[in-house]
1. At 1.4 Å probe size, with the rest of the protein present, what percent of the exposed accessible area of the chain is carbon and sulfur atoms?
2. Could you give the size of the charge dipole of the chain about its Cα centre, using +1 on the Cβ of each K and R and -1 on the Cβ of each D and E, expressed in debye and rounded to the nearest 20?
3. What is the gain in length, in nm to one decimal, between V63 and T20 on full extension, counting 0.36 nm per residue of separation less the C-alpha to C-alpha distance?
4. Per residue, how much accessible surface does the chain expose to a 1.4 Å probe? Answer in Å², no decimals.
5. Once Rg and Dmax of the Cα atoms in Å is worked out from the coordinates, which option in [x] 12.8, 41; [y] 23.0, 65; [z] 12.2, 36 does it equal?
Amino acid sequence: GADGFLVKPLLEDSAAGLRTWLMKVEPGAWSDAHAHDEVEQIFVLEGTFYDEHKTYRAGEFIVRAAGAMHTAGSETGATVLLVYSPAP
């Protein structure tokens with residue numbers, strides 16, 4: 001819901017609790033700390049994407065546990081693949 005994060009849903013199955021999105025992050029976009037109810041997997045396709053731990057580049061993969069607080073953003077812009085799934 002933060003400005004500068006543009007999402008294209010590829011798969012949304014609410015019954016199974018699955019979402020796969022392609023997300024474009026505009027240069028300079030950032031979000032405050034937040035958490036998701038699901039496991040979040042992020043694959044950086046292009047550009048750079050950051051959280052409170054580090055900056056990730058194209059080809060890097062991040063996994064966050066359900067409920068893990070985190071920030072998100074990009075200084076230069078990025079395209080990422082997001083996969084959300086129910087916590088085991």
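The values are calculated or read from the model by the stated rules, or taken from the named source; none is laboratory data. No experiment lies behind these values; they were computed from the predicted model shown. Using ideal geometry, Cβ is built from the backbone for each residue, glycine included, and neighbour counts are taken over all protein chains shown. For the accessible areas, the whole protein counts, side chains as well, though only heavy atoms, and no ligand, DNA or RNA atoms are used. Shrake-Rupley method; radii C 1.70, N 1.55, O 1.52, S 1.80 Å.
1. Within the chain, the accessible surface is 57 percent carbon and sulfur.
2. That gives the chain a dipole magnitude of about 200 debye.
3. Here the segment from V63 to T20 would lengthen by 14.1 nm.
4. Details: 5110 Å² over 88 residues.
Normalised by residue count, the accessible surface of the chain is 58 Å².
5. Label [z] holds the value from this structure.
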